[in-house]
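Reviewing the structure listed below.
What follows draws every value from the coordinates through simple rules; no lab data is involved. Because the structure is a prediction, the values reported are computed rather than measured. We place every Cβ from the backbone using ideal geometry, glycine too, and count neighbours over all the protein chains shown.
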Amino acid sequence: MTTWDELRAVFEKQLVAFGEIKITPAILLTAVLIILVAYGISRLLQRMLRRGVFEQIHLNHGSQSAICRVLHIIIMCIGTFIAIEYTGIDLTTLAAVSAVLLVGIGLGLQNITHNFISGLILLFERPVQEGDFVEVGGVQGSVQAVNAYSTKVETLDKVTIIVPNSHFLSENVINWSFQDSKVRIHVSVGVSYGSDVELVAEMLLEVGQAHPEVLSDPEPQIQFLGFGDSSLNFDLLVWIADPTRQYFVVSDLNFAIVQAFRTRDITIPFPQRDLHVRSAVPMSVATQSDGEKEIE
């Protein structure tokens, strides 16, 4: 027997049988190669779409990732079905067995299944995309990747948090970048009751207009909120283009407001309370004959 015959005998050796279906190493190897070819075709098509199509139509990064992920799932499913068909296994029988198994597995993997379905909904409806600045479940940050079961969110402290996809459907989500990334921020400040309110409004507008990250359209606005216990309360409303910069802009504006108020002698008061003390009526103490004290 030649080497080729020995090698062919090894690849044609039966490993397992399902009725009339015989599984050999050659069949398994071919099935694996079919799946690998499907994976390679998927990667090639994604690369071609990103370089040849998406760049020409100027599609945003989140939409590109969603399309590529759906395309990858479809191609891999087709490749898997072809590989199963090649082995000779009847897909109808396999579907029936899989249905029974999925019922049992699904009971123990409800959260994983829920997150996977939620991920598909996120891919198609796209309420959240890569690059968006979001807030969900107390987590605030930029979306780095929307995966099959979870979404990676990077906070402003550069900490990556893995958020289950189901949270984006079951909880209230704030998407600062949805449709338009411009956001309006509020800078609250209180001044003493003796302050010139027109001058205060003028100074706040100057501070807002002077910041390089504050947009001129829409222009900054001032709101006189009302009369507090110790101060007249104002809000400086400004728009910025990058929601991730909102806290830094608020800090800069606070520094600038303090400096501007000092140059015009505008006082930012601290809470005050008036304390009224009533003196008690003096008590007379009479001494009884037996040594005990009597309070009148």
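For segment 126-157, the residues whose backbone nitrogen is under 18 Å from a point 7 Å from the Cα of Tyr247, taken along Cα to Cβ, are 132-144, 153-157. Taken about its Cα centre, segment 183-263 carries a charge dipole of roughly 220 debye when the Cβ of each Lys and Arg holds +1 and the Cβ of each Asp and Glu holds -1.
Say each of Asp196 and Gln209 gets a label point 7 Å from the Cα, pointing the same way as Cα to Cβ; how far apart are those two points in nm? Result for the modelled spin labels: 1.7 nm. Normalised by residue number, the volume inside the convex hull of the Cα atoms of segment 183-263 is 87 Å³ per residue. Model label points for Ser216 and Ser181, set 7 angstrom from Cα along the Cα-to-Cβ axis, are 2.1 nm apart. Straightening the chain between Asn233 and His114 buys 38.1 nm, computed as 0.36 nm per residue apart minus the Cα-Cα spacing. Distance between the modelled labels on Thr267 and Cys77, one decimal in nanometres: 7.2 nm (7 Å Cα→Cβ projection).
Rounded is the label for segment 125-175, because a/c, from the alpha-carbon gyration tensor with a ≥ b ≥ c as root eigenvalues, stays below 1.5. The loop-placed trypsin sites (Lys or Arg not before Pro) in segment 177-248, going by DSSP, that have at most 15 neighbouring Cβ atoms within 10 Å of their Cβ come out as Lys182. Where does the charge balance sit around Phe234 when Lys and Arg score +1, Asp and Glu -1, over other residues with C-beta under 15 Å from its C-beta? Computed value for this residue: -4. Mind giving me the FRET efficiency for Ile121 and Met48? R0 is 22 Å, r the Cβ-Cβ distance, nearest 0.05 is fine. Given R0 = 22 Å and the Cβ-Cβ separation, E is 0.20. Placing a label point 7 Å from the Cα of Glu154 along the Cα-to-Cβ direction, the residues of segment 220-254 whose backbone N falls under 20 Å of that point are 241-249. Among residues other than Gln64 with Cβ under 13 Å from its Cβ, the summed charge is +3 (Lys and Arg +1, Asp and Glu -1). Expressed as a whole number of Å, what is the distance separating the alpha-carbon centroids of segment 214-257 and segment 107-163? Taking the Cα centre of segment 214-257 as reference, the centre of segment 107-163 is 31 Å away. Evaluating 6.51 cos²θ - 1.76 cosθ + 1.60 at θ = phi - 60° for every residue in segment 230-241, the Karplus couplings come out as 10, 8, 8, 9, 10, 10, 9, 10, 9, 10, 10, 8 Hz, glycine and proline recorded as x.
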